[in-house]
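Peer 1: The structure under discussion is supplied below as structure tokens; questions concerning it will follow.
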Amino acid sequence: MPEQTREVRPHSHPRKVISREGQILVVPEHWELLAPGDAALTRRVKAAGPTWTVKDKRGRRVISLGIWADKETIEINRLKLLIERQDPAYKKRLQAGRERRAKQEANYAIEFRDEIINFLNFHSRYHALAEEMATRIAQHAVPVGSGTVARTQRIPIEKRAEAATIAWMRHQTTAYDHMHIARVKGERREVRRRLAAKSKALLENYRRGRDADPQCCPLQKALAD
């Protein structure tokens with residue numbers, strides 16, 4: 001029913017959607033689709049409710065296609081935001097928010113890099129190698145939108161650092177990216193498990209300070225690129 005806020009999937013018809021239960025719903029005549037892109041407007045329209053959030057799964061990704069809502073509600077909130085955004089005080093708050101988030105991201109990047117170094121726990125003779133490796137992993141994993149485990153809040157940061165390290169090694173020190181993996185349930189997970197075991201064994205050599213030939217070691221070859 002229109003008065004019920006829900007999450008839906010797109011339909012081939014421009015004014016129809018599919019509910020989670022598979023029911024085809026007709027969009028009310030007085031509703032319009034608010035495209036994604038303005039997070040503040042979307043939040044306000046959702047708060048005013050009801051809305052239908054349109055999401056579509058493409059591969060492993062779930063993307064938002066916007067929300068259906070009352071046209072008048074959208075226009076009223078769009079106008080209110082326009083007026084607010086013309087106020088110099090709003091611009092100052094916006095800039096302050098950007099600077100605060102940038103500082104938080106910079107601090108997180110440092111913290112995450114330190115956690116990687118802690119996980120590596122290399123022998124002192126390989127301290128410089130650990131620092132270079134941690135820097136590269138953090139640069140890849142930390143940025144907003146990277147979609148990596150570093151961006152999740154569901155597990156402790158030390159586990160994020162470990163997972164990001166193993167993932168980086170899988171792509172940089174093994175042939176994983178060029179492997180032909182059978183489309184069998186659980187096969188990719190098993191391949192990753194075996195490669196993770198090899199990566200951990202390689203890391204153990206550096207923790208114990210064992211000799212490593214830069215010309216043969218996949219880790220040092222990856223860091224030399």
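Peer 1: Could you work out how far the C-alpha centroid of the stretch 6-76 sits from that of the stretch 206-225, in angstrom?
Peer 2: Taking the Cα centre of the stretch 206-225 as reference, the centre of the stretch 6-76 is 52 Å away.
Peer 1: Pick from Ala89, Ala163, Ala39: which is most flexible by mean-square fluctuation in a GNM of the chain where alpha carbon atoms under 10 Å apart are linked?
Peer 2: Its mean-square fluctuation being the largest, the pick is Ala39.
Peer 1: What percent does the relative contact order of the stretch 75-225 come to when contacts are Cα pairs within less than 8 Å and at least six residues apart?
Peer 2: Relative CO of the stretch 75-225 lands at 23 percent.
Peer 1: Using the number of other C-beta atoms within 10 angstrom as an exposure proxy, rank Met179, Met133, Met169 with the fewest first.
Peer 2: With the sparsest Cβ surroundings first, the list reads Met179, Met169, Met133.
Peer 1: Let me ask something additional. Search the structure for amide H atoms under 5 Å from the amide H of Gly66, placed 1.01 Å from N in the peptide plane, and list their residues when 5 or more places away or on another chain.
Peer 2: Val54
Peer 1: Can I ask one more? Of Leu79, Pro50, His11, which is farthest towards the positive pole of the stretch 6-85's charge dipole, taken about the Cα centre with +1 and -1 on the beta-carbons of Lys, Arg and Asp, Glu respectively?
Peer 2: It is His11.
Peer 1: Right, here's the next one. Ordered by packing density, taken as the mean number of other Cβ atoms within 10 Å over each peptide's residues, highest first, how do 59-67, 93-101, 154-162 rank?
Peer 2: 154-162, 59-67, 93-101
Peer 1: Determine the relative contact order of the stretch 6-85: mean sequence separation of Cα pairs under 8 Å and six or more apart, normalised by residue count, in whole percent.
Peer 2: So the answer I get is 29 percent.
Peer 1: So how long is each side of the chain along the principal axes, counting just the alpha-carbon atoms, biggest first, in Å?
Peer 2: Here the spans come out as 72, 51, 28 Å, largest first.
Peer 1: Please sort through the DSSP H helices of the chain and keep those with an alpha-carbon extent of at least 20 Å along the long axis and a Kyte-Doolittle average not below -0.5.
Peer 2: The answer, listed by residue number, is 71-85, 127-141.
Peer 1: A follow-up question, please. Packing-wise, with mean Cβ within 10 Å as the measure, how do 71-81, 5-15 rank, highest first?
Peer 2: Put in order of decreasing packing, that is 71-81, 5-15.
Peer 1: Going by a ≥ b ≥ c, the root eigenvalues of the Cα gyration tensor, does the stretch 91-224 fall in the rounded group (a/c under 1.5), the prolate group (a/b larger than b/c) or the oblate group?
Peer 2: oblate
Each value in this text was obtained by applying a stated rule to the coordinates, not by laboratory testing. None of these values were measured; they are calculated from a predicted model. Backbone-built Cβ (ideal geometry, glycine too); neighbour counts: all protein chains shown.
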